[in-house]
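Notes to accompany the following structure.
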Amino acid sequence: MEAEIKEKIVSMEKPHMEAPPDWQPVIMGILCNWCSYAGSDLTGTSRIQYPPNIRIIRVPCSSRVDPWFIIKSLQTIADGVLISGCHPGDCHYISGNYYARRRFLVTKKLLNFVGFHENRVQFSWVSAAEGAKFAKVVTKVTEDIRKLGPLHLYKKENS
Amino acid sequence: MDYTKQIQDIAGRLFSEGKIDIFIGYRNTGFDENQVPVLIHQYKDVDQLLFTDKSVFNLANYLKYEHTRNKRVGLIVKGCDSRALNLMLTESQVKRENLYIIGIACEGVVNETGEKAQNCVECMMPDAVVYDELLGSATGKREYQVNADIRELDEKTLTDRVEYFEEIFENCIRCNACRHSCPLCYCAKCCIDQETATLFHGANTTSSAFHALMTWSLHLAGRCVDCRNCEKACPIHLPLHLLHKLNEKVIYENFQENLAGMTEGDRGAFYKYSLSDPDDFIL
Ligand code: SF4
Ligand code: SF4
Ligand code: SF4
Ligand code: SF4
């Protein structure tokens, strides 16, 4: 019990804040048009179940994702963000995902540095043929965020 | 480090030969020991100019404004300033043929308390890398070292860091001086302003400060030259270098890239990639 509390204090953003009983995490999913969005479509057409917590935006390429999008998502509806693009080597625009990969790492580390748990922002490579993988990724991310609880950091005050 | 005489001579020569329209330098504030940037338009004002270890500001910043665009400009750059200038050249913000650059082989500038500033203690490249004329003797490149404040903060727990940064973002008054004083933040329409007007209703709230400063620092990741002009401009003296130095550390440790703007044509770490970049954080 004590170890659990200590773990909570070390790894939680706001350990004293409890989630309301009927709370459901909201995940912002930003998916690239050519692989991951098609992959998520396949998940649906193959009738594979995955948590309904994800809200999906389609972008032309994973390198279209300005770190700004991640920050805005976290400040508005999202408790966590999932960004997904083509596997290395598969990018429709040849190298977009390689550029994106560098940006993602820096964004993740900076957000962690200012106090966001590292699981709040996650990335995946999902191809158009990986419907089952997409379901698995969304399930994992949703469960990670559920464990962390609602995000209370820097939410916009007035809406 | 005192190049007052040399700089007055050079500026005087440039004006009398008709080579420049404007000279950007430093002058005394007139009421204390500190210096402020000055834009000189004619020969008779040249004796205002000076350069010592109190010449802290990055003059390359003035090249992004309308009144110096397409004019022939002379200016002074220290090591860090010259790298910012190099990036501006690479990003087509200024034309090299319009500039007359006095480079300084820098020995470091002082902070408000009169000690050598932190970025100068940790400076990796104090010599100007782009110049028409170099003052002082070049000492060359130095080793990268992790910023002292970053090392300290890295040891804190997540919860402590949340508290530490919440105070910083709470104190920001959203004056945008940091952004305006950065030579590499020249976008005519900044994306932050759109959101301040819509999402945050222009309010100077903690959340709007978080949004602005995080977006800003990530737009400078891989480009920031650690001149700390932003920090000097901040009326609240917020430690803005923490964000930039963390980005720099992550970029150095993972992509072995540092020192933005060393050569013209180098656009920084985010404009290149390697097939062997770390991939283990991706599901
Ligand atoms: S950071 Fe380096 S080049 Fe810039 S003022 Fe300090 S010592 Fe000079
Ligand atoms: S913060 Fe970003 S969008 Fe705004 S001026 Fe700087 S680089 Fe441009
Ligand atoms: S962000 Fe600050 S330290 Fe970095 S280049 Fe701009 S003004 Fe200089
Ligand atoms: S200069 Fe300081 S107070 Fe002004 S917006 Fe930047 S961080 Fe905030």
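The values are calculated or read from the model by the stated rules, or taken from the named source; none is laboratory data. Owing to the predicted nature of the structure, the values given are computational and were not obtained by experimental measurement. Because the Cβ atoms are built from the backbone with ideal geometry, glycine has one as well, and the counts that use them run over all protein chains shown. Keep in mind that these areas ignore ligands, DNA and RNA; they rest on the heavy atoms of the full protein, side chains included. Shrake-Rupley method; radii C 1.70, N 1.55, O 1.52, S 1.80 Å.
Numbers at a glance
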item	result
Chain A, relative contact order in percent, only Cα pairs under 8 angstrom and at least six apart counted	34 percent
Solvent-free Debye scattering, log10 I(q)/I(0), computed from the Cα coordinates of the protein assembly as shown at q = 0.08, 0.11, 0.12 Å⁻¹	-0.52, -0.90, -1.03
Calculated FRET value between residue A:77 and residue A:157, using beta carbons and R₀ = 22 Å, to 0.05	0.90
Area accessible to solvent at residue B:5, 1.4 Å probe radius, in Å²	130 Å²
Isotropically averaged projected area of region B:4-135, using the convex hull of Cα atoms (one quarter of hull area), nm²	7.9 nm²
Carbon and sulfur %, accessible surface of region B:4-135 computed with the full protein complex present, 1.4 Å	47 percent
Using θ = phi - 60° and Karplus 6.51 cos²θ - 1.76 cosθ + 1.60, couplings along region A:32-39 (whole Hz; Gly, Pro as x)	7, 4, 8, 10, 5, 5, 5, x
Longest to shortest principal axis, alpha-carbon extents of chain A, angstrom	48, 36, 33
Isotropically averaged projected area of region B:1-79, using the convex hull of Cα atoms (one quarter of hull area), nm²	5.3 nm²
Computed over region A:24-103, the ratio Rg/Rh where both radii use C-alpha atoms and Rh is Kirkwood	0.98
Base-10 log of normalised Debye intensity for chain B (one unit scatterer per alpha-carbon) at q = 0.09, 0.11, 0.13 Å⁻¹	-0.45, -0.67, -0.94
Long-range HN-HN contacts of residue B:135 with modeled amide H, under 5 Å	B:103, B:104, B:105
For chain B: relative contact order, % (alpha-carbon pairs under 8 angstrom, 6 or more apart)	16 percent
Under 19 Å from residue A:136, Cα to Cα: lysines that are on another chain or at least 8 residues apart	A:147
Kirkwood-type radius of region B:148-271, with distances r between different C-alpha atoms, in Å	15.4 Å
Virtual spin-label span in nm between residue B:189 and residue A:147, 7 Å along Cα→Cβ	4.4 nm
Karplus-derived 3J(HN,Hα), 6.51/-1.76/1.60, for each residue of region A:138-145, Hz, glycine and proline x	5, 4, 4, 5, 4, 5, 4, 5
Those lysines that a straight Cα-Cα span of less than 25 Å connects to residue B:249, excepting residues fewer than 8 apart in one chain	A:72, A:108, A:109, B:78, B:116, B:141, B:156, B:232, B:272
Formal net charge of residues neighbouring residue B:147 (Cβ-Cβ distance under 13 Å; K, R +1; D, E -1)	-4
Formal net charge of residues neighbouring residue B:227 (Cβ-Cβ distance under 11 Å; K, R +1; D, E -1)	+1
Under Karplus coefficients 6.51, -1.76 and 1.60, residue-wise ³J(HN,Hα) of region A:67-81 in Hz, glycine/proline x	x, 4, 4, 5, 4, 5, 4, 5, 7, 9, 8, 7, 9, x, 10
Spin-label pair residue A:19/residue B:281, simplified geometry with 7 Å Cα→Cβ offset, distance in nm	2.4 nm
Difference of contour (0.36 nm per residue) and Cα-Cα distance, residue B:160 to residue B:97	17.6 nm
Accessible area of residue B:167 in the full protein assembly, 1.4 Å probe (Å², nearest 10)	110 Å²
Residues residue A:57 and residue B:177, FRET efficiency given R0 of 35 Å [Cβ-Cβ distance, rounded to 0.05]	0.60
Label-point gap, in nm, between residue B:45 and residue A:87 - each point 7 angstrom along Cα→Cβ	6.4 nm
Net +/- balance of residues flanking residue B:253 in space, Cβ distance below 14 Å, scoring K and R +1, D and E -1	+1
